Amino acid sequence: MRAGAGRLNRYARGVQSIRIALAQTAPRLGQLDANLARHHELIGEARAAGADLVVFPELGLTGYQLQDLAADVAMRLDDPRLARLAGATRDLSAVVSFVEESADHRLFIAAALLEDGEVRHVHRKIHLPTYGLFDERRFFAAGDMLRAVPSRLGLGVGLAVCEDFFHLSVAQLLALDGAQLLVNVSSSPGRDLAATHEVGLGTASSWWTLMRTYAQLTTSFVVFCNRVGNDESISFWGGSEVVAPNGETLFRAPLFDEGLFTVDVSPGDVRRERIAVPLLRDERPELQLRELARVVAERAGLGHDTTAESGAEPGLDVAPDDPPHEPIGFRKAR
Amino acid sequence: MSTGAAAAPLGADGQPLFELPAELAIDTGVARRVIREFIRAQLRQAGFERAVVGLSGGIDSGLVAYLVAEAIGAERLLCVLMPYRTSSPASRADAEDAVRRLGCASEVVEISAMVDGFFGLEGAPGAAGREGLEASPHRRGNFAARMRMTVLYDRSVTWGGLVVGTGNKTESLVGYTTLFGDSACAFNPIGDLYKSQVRQLAAAVGVPETIIRKAPSADLWPGQTDEADAGVSYPVLDRLLHWRIDKRRSGEELAAMGFDPALVERVERMVAGSEFKRQVPPVAKLGPRTAGVDYLYPRRRPGSARG
């Protein structure tokens, strides 16, 4: 049985533990070589600390506020520098993030799972915030694929980048696709210092609530790695986390401090939680698919919304008291 | 109008040092940490290790001096005191007290000769000619602020440090600043803090009480105060701006919250009317790639640090 040893090994992991290293770094803006060197150093440190997985933040290889520098620091997936970084992951898993240039010269914010010397999987950020202090869509293309992938850790891994986790569907789709370990890498700008917040930082409270919610609803581990340091006006707040499948926060890194933090998790917690609380079993993706198809058609004005008041615009269930004049081409579906 | 008040820090006499509206209270520990890293990063990314602050004896520049000293050490900070002949002696004494407590380098540069050299003095015309003798306090105030700016930028060279901005969010939003004068700087660590929050942070970092308690003043003439000039107190103005700008409430909603509608309208005009002071001047778009329009690089990027 050729695969036997591997299988035994995976089952055996049920009673073992996985050591996760969170590389809460402060990347240097636009300095790809310096950041690459730092990644190599930290991968070495993580290995020495016995880590099975080391996670770096969003755009840890380039810095965040790149603007027109994005093209200058972009790497193709066949870039030798990426291959060398992957080469540093024998007997180890790493999640790194950089600007990826596709063959047709689109620039993506990418996160890659590197394992055993290879680039195992690349996730291209699918939700690019372009509002408030964010301007990502101006400089980057949005990814349009979401895949959970197997990993040498014995757990299915789902990668997401920052804003991806501000959209409910992402964590759910990854979990339904087989992820048991959700990894979110971020460059989250800290803001809102109102004294009423949990730790005096609105952004931190908001993110930690999300991480906990996703872990609990997907009954998966959630690993959140957020950067520190400054790009221009922005201060990144760190506070990286590992949350158990029951929503319990297993580890929380300090705010604003750079560091490599390790935490051990029991992969068996996924099975325990999913049997005790079979939320994932009870998901109804086929119902979602059907209803989403209906909603999409109605929003496009291609179907009559059976739940809407008469005279409501597509996508709205409430009709205006005084219906506005309809421009040509915007006919309501009846 | 009901104004919830947060617990303001107490002074030596057991009385609150200032009025702190509840919704403006910040976590000063987090603010100090963020600002400390911000100052260090700004200097490092620019290739500097030192900083210059124009110290007036007021709370804004006092707080910035303390924050810079906390971030890089007092030995790397130069405070420049730039009094005019009518400036308040008490302000100068407060500034000197802050310098002593911080243990930083300091220098006094009198700007009287610079300002009087232009506007004239005691009936003798200056560079501005006879008309200059009749210059309004407004013109004189702006001129003095711009003279202080030139002094700071000269000391930036001799001291080898970046000029740190000392303007707060309240004065920036209502335009109570001199364009290319007190608003000129390499970076500003307190520009996103309302006056009430500046006071809160000043108390947390140990700025002397006399500086925190003193009525804020541009010190353009003896006895002048910001609040008398503006006809509104800082706690009220800060709350109004907080709800209007940060919390995106409409003028109608502010009136419903109890703010005086006439004040709401006046502040609205001040904010809109000073938009030009908060932005880089527009360049006529002519070429294929124009700075600030479609040539967008980080201010600090590889190669931008002083060699």
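The values are calculated or read from the model by the stated rules, or taken from the named source; none is laboratory data. In this text the structure is predicted, and so the values were computed from the model without any measurement. All Cβ positions, glycine included, derive from the backbone under ideal geometry; neighbour counts span all protein chains shown. Areas reflect the complete protein model, heavy atoms only, side chains present, ligands, DNA and RNA absent. Shrake-Rupley method; radii C 1.70, N 1.55, O 1.52, S 1.80 Å.
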Would you point out the residue of region A:194-209, among those that are within 8 Å of chain B (Cβ to nearest Cβ) and of a type outside the set (Val, Ile, Thr), that is nearest to the chain's Cα centre (by Cα)? A:201
Quick check on residue B:87: is it polar (S, T, N, Q) and within 21 Å of residue B:215 (Cα to Cα)? yes
Would you check which residues across region A:185-207 are open to solvent by 10 Å² or more (accessible area, probe 1.4 Å), assigned to a loop (DSSP other than H, G, I, E, B) and of a type in the set (Gly, Ala, Ser) and list them? A:190, A:195
Determine if region B:219-228 includes at least one residue that is aliphatic (A, V, I, L, M) and either in contact (Cβ under 8 Å) with a residue 60 or more places away in the chain or within 14 Å of chain A (Cβ to nearest Cβ) (or both). yes
On the given criteria, is residue A:46 buried (at least 16 other Cβ atoms within 10 Å of the Cβ), closer than 19 Å to residue A:239 by Cα and within 19 Å of the chain's Cα centre (by Cα)? no
Can you list the helices (runs of 4 or more DSSP H) lying wholly within region B:1-108 that have 1 or more residues being open to solvent by 50 Å² or more (accessible area, probe 1.4 Å), among the small types (Gly, Ala, Ser) and more than 14 Å from every other protein chain (Cβ to nearest Cβ)? B:89-102
Working carefully through the options B:238, B:246, B:260, find the one that is within 14 Å of another protein chain (Cβ to nearest Cβ) and free of Cβ contacts under 8 Å to residues at least 40 places away in the same chain. B:246
Output the residues belonging to region B:270-307 that are farther than 30 Å from residue B:251 by Cα, away from chain A (no Cβ under 14 Å) and open to solvent by 60 Å² or more (accessible area, probe 1.4 Å). B:283, B:284, B:285, B:286, B:306, B:307
Just one listed residue, out of B:141, B:161, B:167, B:120, is open to solvent by less than 20 Å² (accessible area, probe 1.4 Å) and at positive phi, and it is B:120
Within region B:135-162, work out how many residues are in contact with a Phe, Trp or Tyr (Cβ under 6 Å, 6 or more places away or on another chain) and aliphatic (A, V, I, L, M). 3
Within region A:212-229, is there a residue that is within 11 Å of another protein chain (Cβ to nearest Cβ), crowded, with 18+ Cβ neighbours inside 10 Å, assigned to a strand (DSSP E or B) and out of contact with any strand residue (DSSP E or B) (no Cβ under 7 Å at 6 or more places or on another chain)? no
Looking for whichever is away from chain B (no Cβ under 11 Å) and hydrophobic (A, V, I, L, M, F, W, C) here; the options are A:255, A:250. Which one fits? A:250
Considering region B:132-174 alone, what residues qualify as being within 14 Å of residue B:186 (Cα to Cα), under 12 Å from the mean Cα position of the chain (by Cα) and hydroxyl-bearing (Ser, Thr, Tyr)? B:166
What are the residues in region A:269-308 that are part of a loop (DSSP other than H, G, I, E, B), open to solvent by 60 Å² or more (accessible area, probe 1.4 Å) and of a type outside the set (Ser, Thr, Tyr), if any? A:279, A:281, A:282, A:284, A:300, A:302, A:304
